[in-house]
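One structure is given below, encoded as C-alpha cells.
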Amino acid sequence: MIVGAIVVDTERCKGCELCTQACPFGIISMSEDVNSKGYHYAYLADPYACTGCENCALVCPDTVITVYRMKVEEPSKAKN
Amino acid sequence: MAKVKHHNIPLDQIIKPENIVFKRTKLFTDNVLSYCPGCGHGVAHRLILEVLEEMGIADKTIGIAPVGCSVLAYEFMDIDMQEAAHGRAPALATGIKRTNPDKFVFAYQGDGDLAAIGTAETIHTANRGENITVIFINNGIYGMTGGQMAPTTIYGMKTSTTPYGRDPKQMGHPLKITEIVAQLPGTCYVTRQAVHTPALVRKAKKAIRKAFEYQKQNKGLSFVEIVSNCNSGWKMTPVQAVKWLEENMLPYYPLGDLKDIGLD
C-alpha cells in the first residue's frame, strides 16, 4: 500500500485553490487562517488519506507543495 | 472523485527526506513569484527549470525574458538570463546563440510580446531556422497592462478594451501564430500544450524536454505554445478561469503537436 503526505509552504501559498481541484480524493482544503500576505493557504484536511500522487504539486503555480510518498505493507497481508 | 482509503501510519514516518517525491527545484531563486494567484506562468517556469535540471544543462543555458507579466523571469530562474526589448526576444536569442553556439538559448514570451509587437521577429527567427527554443505563453490577453485585447483574444471574449466581446467585423480575428510558425521550414518542432491539469502538466514537460533535445541536435527552431489562464485579466477566480480556458480557449487553440520532424 502506498501512503503519502504533503507539506505546504504556507507563507508562499497564494490561495488559488487549484490544488483542491487537482486532488483526486478532494482532501485538500483552504485554511480559515490567513498567512502574512492575507491569503487562505492550502492544507491537507484528511492527512491519513493522501497517497502522494503529486497532482496538487504539479498544478501548483508557486511550487509551495512538497510531496512525500512511501510504500508500506498492507496490514492484512502482514498478518498472513 | 476517487474513493478515500485511510491508513494509520504516523505522518512523521512519512514526512522524511528520503520519501520526498516532489520538491521545488533548486534552480528557482528564493524570490516569491510576482504572478497573481493561479497564474500559469509559475508552472511554465517550473517545467523549464525542471527540464534544464534533468538534462544537466542549467549552467550552459541562457534564457531571454520578455516584456509583460514575465518581465521579471530572471528574478525567479537561477540561470543566466537577458532581458529583451518588447517582442525582441527571438532577435536577442539569435545573437546570443550565434555568438555562443555551444549554449542552450530559449526565449520565454507571452502573447502580447510574441504575437503582437514581436510578430516580425518571431516569424523571421523561425524562418531563418535559428537553433533556439521559444516558449510561448498564450492567455489571450494583455495581462500586465490591465487586460486589454490581444491579437490572440478569442471571439466573443470580454476584455477591458472589448467590453462586449471581441467582434471579428470590427476587431479582426484571433491570431493562431503557432499554426503560422509550424508552416515555416526553419522550425523542427512546434506544439501546443496547457498546464492547468496534472496530466497536461506532465505532457507539457515532455514537450519542453523535446524542444531542448531538438536544440541539442541543432535541428532548427523549436516552439512550445502553452495555453494559459489570466484570471485577473479575465476577471475570474483561478478555478473559474481554468474551467473557462477548457471550455472556450481549447476549442480555438486545440492541443497537440503541429510539427515534429523527428529526433535522431
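Only the coordinates and a few stated rules stand behind these numbers; no lab work does. Everything numeric here is computed off the predicted structure, so don't read it as measured data. Cβ placement follows ideal geometry from the backbone for every residue including glycine, while neighbour counts extend to all protein chains displayed.
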> Does at least one position in the range B:68-89 carry a residue that is more than 9 Å from chain A (Cβ to nearest Cβ), more than 30 Å from B:Lys219 (Cβ to Cβ) and surrounded by fewer than 21 Cβ atoms within 10 Å (Cβ to Cβ)?
Replying inline: yes
> Among the residues of the range B:23-67, which ones are away from every other protein chain (no Cβ under 11 Å) and under 14 Å from the mean Cα position of the chain (by Cα)?
Replying inline: B:Ile48, B:Val51, B:Gly63, B:Ile64, B:Ala65, B:Pro66, B:Val67
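At least 2 residues that are under 24 Å from B:Lys60 (Cβ atoms) in each: list the helices (runs of 4 or more DSSP H) lying fully within the range B:176-264 that qualify. Quick ask: steps written out before the conclusion?
Numbers: elements: B:177-183, B:198-216, B:231-234, B:238-244.
Result: B:198-216.
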> If you scan the range B:74-92, which residues turn out to be touching a residue at least 24 places away in the same chain (Cβ under 8 Å) and within 23 Å of B:Pro151 (Cα to Cα)?
Replying inline: B:His86, B:Gly87, B:Arg88, B:Ala89, B:Pro90, B:Ala91, B:Leu92
> What is the residue count in the range B:1-40 for residues that are surrounded by fewer than 14 Cβ atoms within 10 Å (Cβ to Cβ) and not polar (S, T, N, Q)?
Replying inline: 12
>> If I filter the range A:29-43 for residues that are under 22 Å from B:Val201 (Cα atoms), of a type outside the set (D, E, K, R) and at the interface with chain B (Cβ under 9 Å from one of its Cβ atoms), do I get at least one hit?
In response: no
> What's the number of the condition B:Ile48 fails, among (1) in contact (Cβ under 8 Å) with a residue 40 or more places away in the chain; (2) not in a helix (DSSP H, G or I)?
Replying inline: (2)
> Pairs under 9 Å by beta carbon, first residue more than 7 Å from chain A (Cβ to nearest Cβ) and polar (S, T, N, Q) in the range B:2-21, partner in a helix (DSSP H, G or I) and surrounded by 11 or more Cβ atoms within 10 Å (Cβ to Cβ), six or more apart or different chains?
Replying inline: B:Gln13/B:Asn19
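Specify the residue that is surrounded by the most Cβ atoms within 10 Å (Cβ to Cβ); the eligible residues are those in the range B:219-264 that are charged (D, E, K, R) and more than 18 Å from B:Glu179 (Cα to Cα). Talk me through it step by step, then tell me what you get.
The initial filter retains those residues of the range B:219-264 that are charged (D, E, K, R), namely B:219, B:225, B:235, B:243, B:246-247, B:257, B:259-260, B:264.
If we keep only those that are more than 18 Å from B:Glu179 (Cα to Cα) too, we end up with B:219, B:235, B:243, B:246-247, B:264.
On the way: B:Lys219: 19, B:Lys235: 13, B:Lys243: 15, B:Glu246: 16, B:Glu247: 9, B:Asp264: 7.
Out of the qualifying residues, it is B:Lys219.
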> Restricting attention to the range B:107-119, does a residue exist that is under 17 Å from the mean Cα position of the chain (by Cα) and acidic (Asp, Glu)?
Replying inline: yes
